[in-house]
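J.: A single structure is presented below for examination.
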Amino acid sequence: MATYTQIMADLQKRQFKPVYFLSGEESYYIDSISDYIEKNLLKEEEKAFNQTVMYGADVQMSQIIDAAKRYPMMSEYTLVIVKEAQEVDGMDGSPEEKAAMLASYIEHPQPLTVLVICMKGGKLDSRRKFAKTVSQKTEYFVSEPLKEEKVGAWIIDYLKDQNLTIDPKAAELMAANMGAKLSNIVTELDKLKANVAPGGKITLDDIERHVGISKDFNVFELQKAIGMRDVYRSALIAKQMGAMAKFSIIPVVASLYGYFTKVMITNSLPSKTPQNVAVAIGVPPFFANEYIVAARNFSGDKCPHIISILREYDAYSKGIDSPSIDGAELLREMVFKILNA
């Protein structure tokens, strides 16, 4: 199984494979590989006769194979891209007769064709014969979702490749507020890139100005204030967040759940040095002291109790046993209960 870095390195050297089978839950890497091939394999004047882009809901397996078997016209390659391929019967190995059609092509591909199959949302069942054929005979890639604790570092690395740097706290602020879906994050990073000079540094002010995440009133600052047991600031942040036009309590609950899980792990460590804490909970070392302080403030059975509170409000946020109050009021009530745990 190939990695994203390996595939992109080969593509940049114009070392193309006959079949790329791109699958997985994280769409960003699938789109990135597919888009690069679409933009760079053929010259513009070659694309009219030699490039075919299909969408899974509109095609049958036989049409994909017919397109892949065509010879190029006045070009080195024929390019066939199948987007949303999870919609094609047989693409996941079932029904077997249709999967066998593609497997047969994969075994003996047209050497002058590059076939790119983009199957989003999951990966092949490794127990099936079709999956074994794909893994052995194609450039097979599974795009795994990024763990939330690694999003901040990913943002830093992405911007470094774009000749930009970012304040680590700004990167973590984006990570805490945007989740782990990379395509959404890249959309916002591209806004920043358009507003910062090449070689420049992105700051918290830039995040607030161009992405719309308040540097003072956000889930990142909320969890910090709660961890310090700062009742006034926690209440103020909760109030300001709840008043925002696009406020949703769902990501706040998820973020606080992750935060207090890390605090609970910190509590369990025999040695709570910043380095030990950073390694154990997977945060940058400069954030470790925040968790050490929170662990002192929420010791013993307080964290398990808070986790229970968060589960309760997670249910409320999704309409399960929900009281008849809005998300902003739910947030203020939840923060009050946490601080009094």
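The values are calculated or read from the model by the stated rules, or taken from the named source; none is laboratory data. The structure displayed is predicted, hence computed values, not measured ones. As a convention, Cβ positions derive from the backbone with ideal geometry for all residues, glycine included, and neighbour counts pool all protein chains shown.
J.: I want to confirm something. Restricting to the range 180-230 and keeping residues that are under 19 Å from the mean Cα position of the chain (by Cα), among the charged types (D, E, K, R) and closer than 19 Å to residue 248 by Cα, which single residue is surrounded by the most Cβ atoms within 10 Å (Cβ to Cβ)?
T.: Per the stated criteria, the residue is 188.
J.: Determine whether residue 165 is within 19 Å of the chain's Cα centre (by Cα) and free of Cβ contacts under 8 Å to residues at least 60 places away in the same chain.
T.: No: the conditions fail for residue 165.
J.: Same structure again: Where in the range 1-108 are there helices (runs of 4 or more DSSP H), lying wholly inside it, with at least 3 residues that are at pLDDT 95 or above and of a type in the set (Ser, Thr, Tyr)? Before you say what the answer is, go through the steps one by one.
T.: Working: elements: 4-12, 27-40, 44-50, 61-68, 96-107.
Qualifying helices (runs of 4 or more DSSP H): 27-40.
J.: Among the residues of the range 291-310, is any touching a Ser or Thr at 6+ places or on another chain (Cβ under 9 Å), buried (at least 17 other Cβ atoms within 10 Å of the Cβ) and more than 24 Å from residue 241 (Cα to Cα)?
T.: Yes; the residues of the range 291-310 include at least one that is touching a Ser or Thr at 6+ places or on another chain (Cβ under 9 Å), buried (at least 17 other Cβ atoms within 10 Å of the Cβ) and more than 24 Å from residue 241 (Cα to Cα).
J.: Does the range 314-325 contain any residue that is closer than 23 Å to residue 170 by Cβ and assigned to a loop (DSSP other than H, G, I, E, B)? Outline the logic, then answer.
T.: Start the filter on the range 314-325 by keeping residues that are closer than 23 Å to residue 170 by Cβ, which leaves none.
Checked the range 314-325: no residue is closer than 23 Å to residue 170 by Cβ and assigned to a loop (DSSP other than H, G, I, E, B).
J.: While we're on this one: If we scan the range 245-258, do we find a residue that is at positive phi, surrounded by fewer than 21 Cβ atoms within 10 Å (Cβ to Cβ) and not in a helix (DSSP H, G or I)?
T.: Looking only at the range 245-258, we keep the residues that are at positive phi, and these are none.
The answer is no; no qualifying residue exists.
J.: Output the residue which, of all residues in the range 186-218 that are in a helix (DSSP H, G or I), of a type in the set (A, V, I, L, M) and touching a Leu at 6+ places or on another chain (Cβ under 9 Å), is farthest from residue 145 (Cα to Cα). Working first, answer last.
T.: Residues of the range 186-218 in a helix (DSSP H, G or I): 186-195, 204-211.
Okay, now just the ones that are also of a type in the set (A, V, I, L, M), so 186, 189, 192, 194, 204, 207, 211.
The next check asks that each one be touching a Leu at 6+ places or on another chain (Cβ under 9 Å); those that pass are 189, 192, 204, 207, 211.
Details: 189: 18, 192: 23, 204: 26, 207: 24, 211: 23 Å.
Within the range 186-218, the match that is farthest from residue 145 (Cα to Cα) is 204.
J.: What residue, among those in the range 9-30 that are out of contact with any helix residue (DSSP H, G or I) (no Cβ under 7 Å at 6 or more places or on another chain) and under 23 Å from residue 151 (Cβ atoms), is surrounded by the fewest Cβ atoms within 10 Å (Cβ to Cβ)?
T.: 25
J.: Let me ask something else. So, in the range 85-144, how many residues would count as being within 17 Å of residue 62 (Cα to Cα), touching a helix residue (DSSP H, G or I) at 6+ places or on another chain (Cβ under 8 Å), surrounded by fewer than 17 Cβ atoms within 10 Å (Cβ to Cβ) and among the charged types (D, E, K, R)?
T.: Counting residues in the range 85-144 that are within 17 Å of residue 62 (Cα to Cα), touching a helix residue (DSSP H, G or I) at 6+ places or on another chain (Cβ under 8 Å), surrounded by fewer than 17 Cβ atoms within 10 Å (Cβ to Cβ) and among the charged types (D, E, K, R) gives 4.
Residues are listed down the side, and each one gets a yes or a no for (1) more than 24 Å from residue 28 (Cα to Cα); (2) touching a strand residue (DSSP E or B) at 6+ places or on another chain (Cβ under 6 Å):
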site: 53; (1), (2): no, yes
site: 59; (1), (2): no, no
site: 95; (1), (2): yes, no
site: 104; (1), (2): yes, no
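So that you can scan it fast, the table gives a plain yes or no per residue for (1) within 25 Å of the chain's Cα centre (by Cα); (2) among the aromatic types (Phe, Trp, Tyr):
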| site | (1), (2) |
| --- | --- |
| 234 | no, no |
| 244 | yes, no |
| 247 | yes, yes |
| 270 | no, no |
| 276 | no, no |
| 293 | no, no |
| 304 | no, no |
| 313 | yes, yes |
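J.: Is it fair to say residue 235 is modelled with pLDDT of 95 or more, among the small types (Gly, Ala, Ser) and within 16 Å of residue 173 (Cβ to Cβ)? So that I can check it myself, show each step before the final result.
T.: Details: modelled with pLDDT of 95 or more: yes; among the small types (Gly, Ala, Ser): yes; within 16 Å of residue 173 (Cβ to Cβ): no.
The answer is no for residue 235.
J.: Additional query: From 29, 36, which residue is in contact (Cβ under 8 Å) with a residue 60 or more places away in the chain and not basic (Lys, Arg)?
T.: 29
J.: Could you tell me which of the residues 299, 308 is outside any helix (DSSP H, G or I), without any contact (Cβ under 8 Å) to a residue 60 or more places away in the chain and in the same structural domain as residue 267 (by TED's automatic domain parsing)? Working first, answer last.
T.: Values: 308 fails: outside any helix (DSSP H, G or I).
From the options 299, 308, the qualifying one is 299.
J.: Filter the range 31-76 for residues that are among the aliphatic types (A, V, I, L, M) and loosely packed, with under 15 Cβ neighbours inside 10 Å; which is farthest from residue 90 (Cα to Cα)? Break it down stepwise before answering.
T.: Keep residues of the range 31-76 that are among the aliphatic types (A, V, I, L, M), which gives 33, 37, 41-42, 48, 53-54, 57, 59, 61, 64-65, 67-68, 73-74.
Adding the requirement that they be loosely packed, with under 15 Cβ neighbours inside 10 Å leaves 48, 53, 57, 73-74.
Numbers: 48: 29, 53: 19, 57: 12, 73: 30, 74: 33 Å.
Among them, the one singled out is 74.
J.: How many of the residues making up the range 127-148 are over 26 Å from residue 261 (Cβ atoms) and assigned to a loop (DSSP other than H, G, I, E, B)?
T.: Summing the residues that are over 26 Å from residue 261 (Cβ atoms) and assigned to a loop (DSSP other than H, G, I, E, B) in the range 127-148 gives 3.
J.: Now for a separate question. Out of 82, 53, I need the residue that is hydrophobic (A, V, I, L, M, F, W, C), under 26 Å from residue 125 (Cβ atoms) and in contact (Cβ under 8 Å) with a residue 12 or more places away in the chain. Which one?
T.: Details: 53 fails: under 26 Å from residue 125 (Cβ atoms).
The conditions single out 82.
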